[in-house]
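Data block below; observations after.
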Amino acid sequence: MPPSAERKPTASTAQAATAPAASGGVQSLERAFDLLERMADAGGEVGLSELSTASGLPLPTIHRLMRTLVSCGYVRQQPNRRYALGPRLIRLGESASRLLGTWARPYLARLVEETGETANMAMLDGDEVVYVAQVPSRHSMRMFTEVGRRVLPHSTGVGKVLLAHTPEDQVRALLGRTGMPAATEKTITTPEGFLEALAHVREAGYATDDNEQEIGVRCIAVSVPDSPTAAAISISGPAGRVTDAATDKFVPLLHEVAADLSAALATSTATTQ
């Protein structure tokens, strides 16, 4: 997922640094999850001193928590003595992604009902975009993207939305790793061109894929605001139906549905607290 803004010590971790041990396991659990999120924000690998500075927790506390996470397989210690996110998190992430797609389906169904086009939800996984949910159009001529399909972000509307607020040097690094192969003659194939497209996304509030992934297909995408993990929703269809005039009507609807989905995800999170 796109790197997030620097995570500040939260109220819970700041209080945890000085609170008595009476809260026991719950406090330790909060601290452990906070450390895992900080590791993810830092790119997946950090040193203890970095975690101590970022979280405000003392080194002995961090060392104890990391030792537990290592023994459970959620963190691994590297040969250079730094700590990295462990492979056991992969299963949790995959299951959570599937559930996120399930929760999104009613909102995607609304998009299909009101636009007539196929609706998708996607996330950034590493350097690739992965589609986690789809509701197909009822038209006989429609777009279909298999759930679980992975594509490079530079040729998709959802990829542009997901990277729009990522720092330029990180975008360039990602493009350097993936390359920018042309799926069609309209695919953006230079970092400068892609960065210019991201600037337009930030200004307009949405992204388009105009025959860039597949000739004859247009896609409109927006981000899901305040999602627990960076996510985007989109509609896609034949270029003859997803016209500029249709885009003017679809974009406000996409934003409305994205906001409703965001609120539903926030509510489901709050009810577990």
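Values in this text are rule-based calculations from the coordinates and carry no lab data. Values in this document were obtained by computation on a predicted structure and should not be read as measured data. Positions of Cβ are generated from backbone atoms using ideal geometry, with glycine treated the same way; all protein chains shown enter the neighbour counts.
All but one of (1) within 30 Å of Ala232 (Cβ to Cβ); (2) assigned to a helix (DSSP H, G or I); (3) not acidic (Asp, Glu) hold for Gly43, so report the exception by its number. Gly43 satisfies every listed condition except (2). Checked against (1) under 19 Å from Gly216 (Cα atoms); (2) over 22 Å from the mean Cα position of the chain (by Cα); (3) free of Cβ contacts under 8 Å to residues at least 60 places away in the same chain, Ile188 passes all but a single condition, namely (2). Condition check for Lys249 on (1) within 21 Å of the chain's Cα centre (by Cα); (2) more than 20 Å from Ala164 (Cβ to Cβ): one failure, at (1).
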